[in-house]
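Asker: Handing you a structure now.
The values are calculated or read from the model by the stated rules, or taken from the named source; none is laboratory data. Keep in mind the model is a prediction, meaning the values are calculated, not measured. Here the Cβ is made from the backbone with ideal geometry for all residues, glycine too, and neighbour counts use every protein chain on show. Note: areas computed on protein heavy atoms with side chains; ligands, DNA, RNA excluded. Shrake-Rupley method; radii C 1.70, N 1.55, O 1.52, S 1.80 Å.
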Amino acid sequence: MKFLIVNGPNLNMLGIREPQLYGTLTYDELVQYLAQQAARLGVQAEFFQSNSEGELVTAIQKAYGRMDGIIINGGAYTHTSIAILDALKAVALPAAEVHLTDVDSREEFRRISYLGMACCCRFSGEGKQGYVHAMEKLLEIIGNNNTNSIN
Ligand code: DQA
């Protein structure tokens with residue numbers, strides 16, 4: 001099972017940005033941790049981070065035909081980007097939305113999620129564990145779909 005794990009703007013600043021909200025783990029440490037967890041789950045994880053909306057769209061498009069699922073923390077683009085929503089819809093891969101913080105308990109504008117409209121599940125406020133739970137959920141969903149298509 002191959003998953004693309006996408007992180008959007010400012011997530012490269014983890015460890016530096018607002019540590020009281022996002023903690024002290026750096027982006028590289030997050031990737032290292034998730035790579036270990038992916039290996040434990042038998043998942044081949046590919047990581048992509050960009051601060052640019054277009055690059056995120058292109059990375060999602062490139063997942064078509066190569067990946068089995070997408071895990072996305074779109075950062076602030078979650079709340080603004082119809083282009084990333086359309087990319088997720090275009091490739092039509094099972095996708096999970098992740099946020100390190102609990103977006104619903106923050107500012108009002110963070111309650112809107114365009115990306116969530118193309119995602120089958122959401123993990124918000126669980127820190128790095130949210131990505132692991134997203135991998136587990138996608139495995140479950142994809143496994144069930146395969147079982148259904150056999151029967
Ligand atoms: C975030 C929440 C977003 O609202 C914010 O813009 C981010 C990070 C999170 O992981 O909690 O950049 O997606």
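Asker: Please list, ordered by chain and number, the residues whose modelled amide H lies under 5 Å from the amide H of ARG122; skip anything fewer than 5 residues away on the same chain.
Answerer: GLU97
Asker: Here is a further query. Return the loop-located trypsin sites (Lys or Arg not before Pro) in the range 29-136 (DSSP other than H, G, I, E, B) with at most 11 other Cβ atoms within 10 Å of their own Cβ; answer none if there are none.
Answerer: Answer in residue order: ARG66.
Asker: From the Cα gyration tensor of the range 80-151, with a ≥ b ≥ c the square roots of its eigenvalues, which class applies: rounded if a/c is under 1.5, or else prolate if a/b is larger than b/c, or else oblate?
Answerer: Oblate, because a/c is 1.5 or more while a/b does not exceed b/c.
Asker: Testing the spin-label approximation: label points 7 Å from Cα along Cα→Cβ at ILE141 and ASP68. State their distance in nm.
Answerer: Going by the 7 Å Cα→Cβ label model, 1.4 nm.
Asker: Would you tally the net charge around LEU30, using a Cβ to Cβ cut-off of less than 14 Å, leaving LEU30 out, and scoring K and R as +1, D and E as -1?
Answerer: Residues close to LEU30 contribute a combined charge of -1.
Asker: Using a Gaussian network model of the chain whose springs link C-alpha atoms within less than 10 Å, name the residue from THR24, THR80, THR101 with the highest mean-square fluctuation.
Answerer: Greatest mean-square fluctuation among the candidates belongs to THR24.
Asker: In the range 46-151, what percent of the accessible surface is made up of carbon and sulfur (1.4 Å probe, ligands and nucleic acids excluded)?
Answerer: Using a 1.4 Å probe with all protein chains present, the range 46-151 comes out at 51 percent carbon and sulfur.
Asker: Expected output is a single nm value to one decimal: the length gained when fully extending between ARG106 and ALA35, i.e. 0.36 nm times separation in residues minus the C-alpha distance. What is it?
Answerer: Here the segment from ARG106 to ALA35 would lengthen by 22.7 nm.
Asker: A follow-up question, please. Running a GNM on the chain with Cα contacts under 10 Å, which residue among ASP68, ASP28, ASP86 ends up with the highest mean-square fluctuation?
Answerer: ASP28
Asker: I've got another one for you. Under a Cβ-only charge scheme (Lys and Arg +1, Asp and Glu -1), can you give me the dipole magnitude of the chain about the Cα centre, in debye to the nearest 20?
Answerer: Dipole size: approximately 260 debye.
Asker: Another one. For the pair MET13/HIS133, report the inter-label distance in nm, with labels modelled 7 Å from Cα in the Cβ direction.
Answerer: Modelled inter-label distance: 2.6 nm.
Asker: Collect residues whose amide H, placed 1.01 Å from N in the peptide plane, falls under 5 Å from the amide H of THR80; neighbours closer than 5 in sequence don't count.
Answerer: TYR114
Asker: Mind listing the long-range amide H neighbours of PHE47? Cut-off is under 5 Å, sequence gap 5 or more, other chains count too, H placed in the peptide plane at 1.01 Å from N.
Answerer: ILE5
Asker: Net charge near LEU21: determine it from the other residues with C-beta under 13 Å of the C-beta of LEU21, scoring Lys and Arg +1 and Asp and Glu -1.
Answerer: 0
Asker: If I model the chain as equal point scatterers sitting on the Cα atoms and use the Debye formula, what is log10 I(q)/I(0) at q = 0.09, 0.10 Å⁻¹?
Answerer: Debye intensities relative to I(0), on a log10 scale: -0.25, -0.31.
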